[in-house]
Structure formats: structure tokens, C-alpha cells
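Here the structure comes first, spelled out in C-alpha cells, and everything after it is commentary.
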Amino acid sequence: VIAAVRRPQQVEQLAAEGFEAILLGEGDDLSAAVRRYYPAGADLIFDTTGAWLGPSVAALAEFGAIATIAAPPSGKVELPLLDLYRRGCSIIGVNSLLYDSRACAVMLDRFSIAFATGLLPPPPAPQERLLSSALEVYREIGAGTTQKMVFIPG
């Protein structure tokens with residue numbers, strides 16, 4: 001498993017935790033970066049933004065799949081359809097809104113086992129910030145911070 005991230009700090013953070021990561025650049029670079037790890041292409045790409053759907057096709061192995069859980073703001077992407085179907089690849093849309101709370105609980109229970117056994121490390125705790133500092137936090141996010149934040153009244 002490798003992660004593809006947008007900021008150099010994220011690559012460093014993942015490496016410190018023992019995970020491989022590639023830095024996303026232009027769309028054409030995704031295939032080359034993935035193929036450095038998997039010369040035949042990736043069996044599965046999990047696109048959490050939808051924005052990388054098109055470039056992900058070239059990074060897939062034959063009969064590979066892309067699972068996506070989101071779409072870009074426009075809801076539209078360019079897709080090299082000919083390349084997708086000639087290599088027997090597929091796209092899977094995963095919409096958690098189609099599942100009720102009981103079905104989601106079953107899925108989340110599987111994640112809890114992975115966290116409990118150490119297979120998945122827990123995410124870093126969010127930083128607590130006063131609501132009165134919201135403008136400052138907004139600037140930090142604009143500057144590229146990857147720190148998750150929770151606002152508290154005060």
C-alpha cells in the first residue's frame with residue numbers, strides 16, 4: 001500500500017510512521033510514480049477526491065479498479081474511457097449515504113479491529129483552538145498546514 005498526497009510534509013509524516021508515499025504533481029506523473037512501486041500498475045486505487053479519477057486510469061494494472069468516494073466540485077471529470085475498458089478496468093462508486101447506521105456500524109467495527117490490533121495507527125489528535133482564533137487558523141490552512149483542528153468556544 002502506498003499513499004499519494006499533495007504536500008511534502010505529508011510524505012515526511014507518513015515515512016516517519018513507516019508508510020510509503022508519493023507526492024502528487026501533475027496528473028501524468030501519477031502513473032509513473034505508481035509504476036515505480038508496481039511496474040504492472042496498481043490493482044486498486046482509492047480516490048478520495050474524484051479529481052484524480054482520470055489520471056488514475058493510466059496507473060492501473062490490467063483488470064484494476066478505482067474506488068472513489070467523492071467528486072470534484074463540478075461533479076465532472078475527464079476520463080480516458082478507451083484505455084479503461086480496453087484494459088478491463090472498472091470504477092466503483094462508494095456512497096456511504098446509501099447505508100443506514102446499522103450497516104455503517106458493521107463496517108466501522110471492522111476498522112476498530114484494525115485499530116485495536118495496531119494494523120491501522122490512529123490518526124493524530126486534532127489540535128484544539130479557540131473559536132476566536134478562527135481567522136488565524138484559516139490563514140494557517142491557506143498556507144498549507146495539515147494539522148486537523150477543532151474549535152472550542154472562548
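The values are calculated or read from the model by the stated rules, or taken from the named source; none is laboratory data. Note that the structure is predicted; figures quoted are calculated from it, not measured. Virtual Cβ from ideal backbone geometry, glycine too; neighbours counted across all protein chains shown. Surface accessibility is based on the protein's heavy atoms, side chains included, excluding ligands, DNA and RNA. Shrake-Rupley method; radii C 1.70, N 1.55, O 1.52, S 1.80 Å.
For PHE111, indicate whether it is open to solvent by less than 100 Å² (accessible area, probe 1.4 Å) and either under 19 Å from the mean Cα position of the chain (by Cα) or touching a residue at least 40 places away in the same chain (Cβ under 8 Å) (or both).
no
For SER132, indicate whether it is within 26 Å of LEU44 (Cα to Cα) and out of contact with any His (no Cβ under 6 Å at 6 or more places or on another chain).
no
If you check GLY144 against the conditions, is it under 27 Å from GLU12 (Cα atoms), touching a residue at least 60 places away in the same chain (Cβ under 8 Å) and open to solvent by less than 100 Å² (accessible area, probe 1.4 Å)? Before you say what the answer is, go through the steps one by one.
On the way: under 27 Å from GLU12 (Cα atoms): yes; touching a residue at least 60 places away in the same chain (Cβ under 8 Å): yes; open to solvent by less than 100 Å² (accessible area, probe 1.4 Å): yes.
For GLY144, the condition - under 27 Å from GLU12 (Cα atoms), touching a residue at least 60 places away in the same chain (Cβ under 8 Å) and open to solvent by less than 100 Å² (accessible area, probe 1.4 Å) - is met.
Taking interchain pairs and intrachain pairs at least six residues apart, which have beta carbon atoms under 6 angstrom, with the first residue in the range 62-78 and more than 16 Å from GLY93 (Cα to Cα) and the second exposed (fewer than 14 other Cβ atoms within 10 Å of the Cβ) and among the small types (Gly, Ala, Ser)?
Matching pairs, first to second residue: GLU62/GLY88; PHE63/GLY88.
Have a look at ALA4, ALA51 and point out the one that is closer than 29 Å to PRO124 by Cα and in contact (Cβ under 8 Å) with a residue 40 or more places away in the chain.
ALA4
Restricting attention to the range 114-141, and to residues there that are farther than 21 Å from ILE69 by Cβ and of a type in the set (A, V, I, L, M), which single residue is least open to solvent (accessible area, probe 1.4 Å)?
VAL137
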